[in-house]
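Q: This structure is in structure tokens; I'll ask about it shortly.
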Amino acid sequence: MATAMDQLVGFGLVAFSLLLFVYYTIWIIILPFIDSDHGIHKFFLPREYSVTIPVIAGLLLVLFVGVFVVIVMWKNRKPAKKSD
Amino acid sequence: MTKLAQWLCGLALLGTAWATLALDPLGLHLPLPCQQVLWPFPVYLLVAFGCYSLATIGYRLATFNDCEAAAKELQEQIREARADLSQRGLKF
């Protein structure tokens, strides 16, 4: 059995990604087929954000990964001079 | 053909299909809700793939079982190796 913390984090990730997937699916695929005077539309942001938010999040992710790689490589650099 | 070339061909095919339907060069006017669904579709596929990856990682993290016997055997091997190496003069 994985530790309780592992299980909590693991199933938490599963629940979060499921929620995200359901919200995004309804936003992108189902809402266009619902009349614009239905009440459900007030739970969802305007449609432009459905593209800008994931793109910006993806760019931020790439930025963090790049910064992490730069920091690790910087820490591991060896001095070029040898002590002969 | 390499795997990379196969993937790129597949992506190019899907991209062309999406562009043909979304940018509407042929002038076949789809109904408006279909156009509205079609435009963010590549981003939707990316987000869906990201959600699937996250869920798979979370699920495998939660269901990963400890291997008691393998852990004990490994500790035993570590002790043997330390004893052997310190006998040969390696300092820990």
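Just so you know, all these numbers are worked out from the coordinates, no wet-lab data involved. Just so it is clear, the structure is predicted and the values come from calculations on it, not from any experiment. Counting neighbours? That spans all protein chains shown, and the Cβs are built from the backbone with ideal geometry, glycine included.
Q: Roughly how many nanometres apart are two label points built 7 Å out from the Cα toward the Cβ at B:Thr56 and A:Lys75?
A: About 2.9 nm separates the two model spin labels.
Q: Would you please classify the overall shape of region A:4-76 from the alpha carbon gyration tensor, given that a ≥ b ≥ c denote the square roots of the eigenvalues, rounded means a/c under 1.5, and beyond that prolate means a/b larger than b/c while oblate covers the rest?
A: Oblate, since a/c reaches 1.5 and b/c is not below a/b.
Q: Continuing with the same structure: Select from A:Ile30, A:Ile56, A:Ile71 the residue whose mean-square fluctuation is largest in a Gaussian network model of chain A (Cα-Cα springs shorter than 10 Å).
A: Between A:Ile30, A:Ile56, A:Ile71, it is A:Ile71 that shows the largest mean-square fluctuation.
Q: Kindly state, to the nearest 0.05, the FRET efficiency for B:Asp24 paired with B:Ala70, given R0 = 45 Å and r defined as their beta-carbon distance.
A: 0.15
Q: Could you check the simple spin-label distance between A:Ile29 and A:Ile53, using points 7 Å along Cα→Cβ, in nm with one decimal?
A: It is 1.8 nm.
Q: Within region A:43-68, whose backbone N sits under 13 Å from a point 7 Å along Cα→Cβ of A:Phe16?
A: Within reach of a label on A:Phe16, which here means backbone N under 13 Å from a point 7 Å along Cα→Cβ, region A:43-68 contributes nothing.
Q: From the square roots a ≥ b ≥ c of the eigenvalues of the alpha-carbon gyration tensor of the protein assembly as shown, which class results: rounded (a/c under 1.5), prolate (a/b over b/c), or oblate? Walk me through the intermediate numbers first.
A: On the way: a/c = 2.82, a/b = 1.96, b/c = 1.44.
Taking the square roots of the gyration eigenvalues as a ≥ b ≥ c, the protein assembly as shown is prolate.
Q: Which shape class, rounded, prolate or oblate, goes with region B:3-66 when its Cα gyration tensor gives a ≥ b ≥ c as root eigenvalues, a/c under 1.5 marks rounded, and past that a/b bigger than b/c marks prolate?
A: Verdict is oblate for region B:3-66.
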